[in-house]
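> Attaching a single structure in structure tokens format; questions to follow.
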Amino acid sequence: MHPDDERALKLTQAFRRHDLEPILGLIGDALQRPRDQARSNLLPIFEHARHDGIDLLHPPAHFHTWLRTPLLQARRRAGPVRPNTVITRLSTLIALYDRLIDEGVLTENPARGYPAPSAEHKDAPLPTPSDIQRLLAEAREQDRELFAALTLMYRHAFQLKELLALRWSALDFSRGELLRARTVSSLSPEAMQALQPLLKQAGGPLHAPEQAERVFSYTSPDDIRLKMWRLCKAANLASISPSELRKAALRDHPPTREGTGYSHPQAHQRALKYAQQVAEKAQV
């Protein structure tokens, strides 16, 4: 049997048994979310399908009507499931089916077209400075590359796409400067210190800029999100997202426009105003 056919057969058999674990073992990494999160999102669907005898590979005509029950099931608390939870479960299921199409198991996605609810938008409290320091301390002990990335997020409000694109040729360590978003900004002492181990590994301040290699080895934003999620668990902290860390940077270290990479003054002012509003609501 061809390896691809054998893989497709294993996926099909796991679906027939409503056995989620081997499915995640085979294609979980392609779902673009942490394995535990994907399991949590999909488990209600697989449990209800097993109980009701639903074939998830070839679902019945009333599949969308049936799907409403597992999507709305509350697992660990009383009360209705939040719209964002429904959206997350549905998006994970859609991603799973899309991957099965790539694997040649399906030809169409039966979850597409489900009427998803509108997303919730609220200003959640930002992580406190003390929580962020605990996060950074944990990163310093565990992962120097992640520590450098988080330091740039917190001290200079770096976005994930900036971290992925950052190259040594954009840094001038002799002057402590960084070319960023068509502006030159000064690196904080904390950022300089956090980058030193990576710079040494890349060949030092003379060799690294000439090679113009990327500073960080991450290949996608989800690589950083996953490492942050695991780091928060190790530090016994509530999950802190990259966007929350960036907003906290604007709150705790409101630098110049150039220091945060904003090339337009109005965009910089809007970002500072938003971060301040979130901080004030958290205090209330």
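The values are calculated or read from the model by the stated rules, or taken from the named source; none is laboratory data. Predicted, not measured: the structure shown is a model, and the values here were computed from it. Because the Cβ atoms are built from the backbone with ideal geometry, glycine has one as well, and the counts that use them run over all protein chains shown. Please note that ligands, DNA and RNA were not included when accessible areas were found on the heavy atoms of the full protein model with its side chains. Shrake-Rupley method; radii C 1.70, N 1.55, O 1.52, S 1.80 Å.
> Just one of the numbered conditions (1) in the same structural domain as Phe216 (by the TED database); (2) assigned to a helix (DSSP H, G or I) is not true of Leu96; which one?
Against the list (1) in the same structural domain as Phe216 (by the TED database); (2) assigned to a helix (DSSP H, G or I), Leu96 comes up short only on (1).
> In the range 11-29, which residues are surrounded by fewer than 14 Cβ atoms within 10 Å (Cβ to Cβ) and part of a helix (DSSP H, G or I)?
Selection gives Gln13, Arg16, Glu21, Gly25, Asp29.
> Does Ser174 qualify as being within 20 Å of the chain's Cα centre (by Cα), polar (S, T, N, Q) and farther than 16 Å from Arg246 by Cβ?
Values: within 20 Å of the chain's Cα centre (by Cα): no; polar (S, T, N, Q): yes; farther than 16 Å from Arg246 by Cβ: yes.
Judged against the criteria, Ser174 is not a match.
> Can you name every residue in the range 208-246 that is touching a strand residue (DSSP E or B) at 6+ places or on another chain (Cβ under 7 Å) and assigned to a loop (DSSP other than H, G, I, E, B)?
Residues satisfying the conditions are Ala212, Glu213, Val215.
> Restricting the search to the range 122-177, which residues are closer than 15 Å to Gln196 by Cβ, open to solvent by 60 Å² or more (accessible area, probe 1.4 Å) and in a loop (DSSP other than H, G, I, E, B)?
If the condition is that a residue be closer than 15 Å to Gln196 by Cβ, open to solvent by 60 Å² or more (accessible area, probe 1.4 Å) and in a loop (DSSP other than H, G, I, E, B), then Ser174 is the only one that fits.
> Turning to a different aspect of this structure: Can you name the number of the only condition in (1) in contact with a Leu (Cβ under 8 Å, 6 or more places away or on another chain); (2) over 13 Å from Ala248 (Cα atoms); (3) modelled with pLDDT under 95 that Ala148 fails?
(3)
> If you don't mind, there's one more thing I want to ask. Quickly run through the range 178-188 and pick out the residues that are touching a residue at least 24 places away in the same chain (Cβ under 8 Å) and open to solvent by less than 10 Å² (accessible area, probe 1.4 Å). Don't jump to the end; show me each part of the working.
The initial filter retains those residues of the range 178-188 that are touching a residue at least 24 places away in the same chain (Cβ under 8 Å), namely 180-188.
Correct list: Arg180, Ser185.
> Any residue at all in the range 196-212 that's closer than 15 Å to Leu136 by Cβ and of a type outside the set (Asp, Glu)? Spell out the reasoning first.
Quick first cut of the range 196-212, residues closer than 15 Å to Leu136 by Cβ only: 197.
Then drop every residue that is not of a type outside the set (Asp, Glu), which leaves 197.
Yes, the range 196-212 contains at least one residue that is closer than 15 Å to Leu136 by Cβ and of a type outside the set (Asp, Glu).
> Quick one: in the range 189-207, which of the residues that are open to solvent by less than 50 Å² (accessible area, probe 1.4 Å) and in a helix (DSSP H, G or I) is farthest from Arg144 (Cα to Cα)? Working first, answer last.
Within the range 189-207, the first condition is being open to solvent by less than 50 Å² (accessible area, probe 1.4 Å), and the residues that meet it are 191-192, 194-195, 197-199, 202-204.
Remaining after also requiring in a helix (DSSP H, G or I): 191-192, 194-195, 197-199, 204.
Details: Ala191: 12, Met192: 13, Ala194: 7, Leu195: 9, Pro197: 7, Leu198: 8, Leu199: 11, Gly204: 16 Å.
By that ranking, first place goes to Gly204.
> Let me ask another. Regarding Pro117, is this residue assigned to a loop (DSSP other than H, G, I, E, B), over 22 Å from Ser243 (Cα atoms) and under 23 Å from the mean Cα position of the chain (by Cα)? Quick ask: steps written out before the conclusion?
On the way: assigned to a loop (DSSP other than H, G, I, E, B): yes; over 22 Å from Ser243 (Cα atoms): yes; under 23 Å from the mean Cα position of the chain (by Cα): yes.
Spelling it out, Pro117 is indeed assigned to a loop (DSSP other than H, G, I, E, B), over 22 Å from Ser243 (Cα atoms) and under 23 Å from the mean Cα position of the chain (by Cα).
> Moving on to the next point. Checking Glu47 against (1) surrounded by 15 or more Cβ atoms within 10 Å (Cβ to Cβ); (2) at positive phi; (3) more than 23 Å from the chain's Cα centre (by Cα), only one condition comes out false. Which one?
(2)
> Being open to solvent by less than 20 Å² (accessible area, probe 1.4 Å) and not assigned by the TED database to the domain that holds Tyr218 is true for just one of Arg89, Arg82, Arg68. Which residue is that?
That would be Arg89, the only listed residue that is open to solvent by less than 20 Å² (accessible area, probe 1.4 Å) and not assigned by the TED database to the domain that holds Tyr218.
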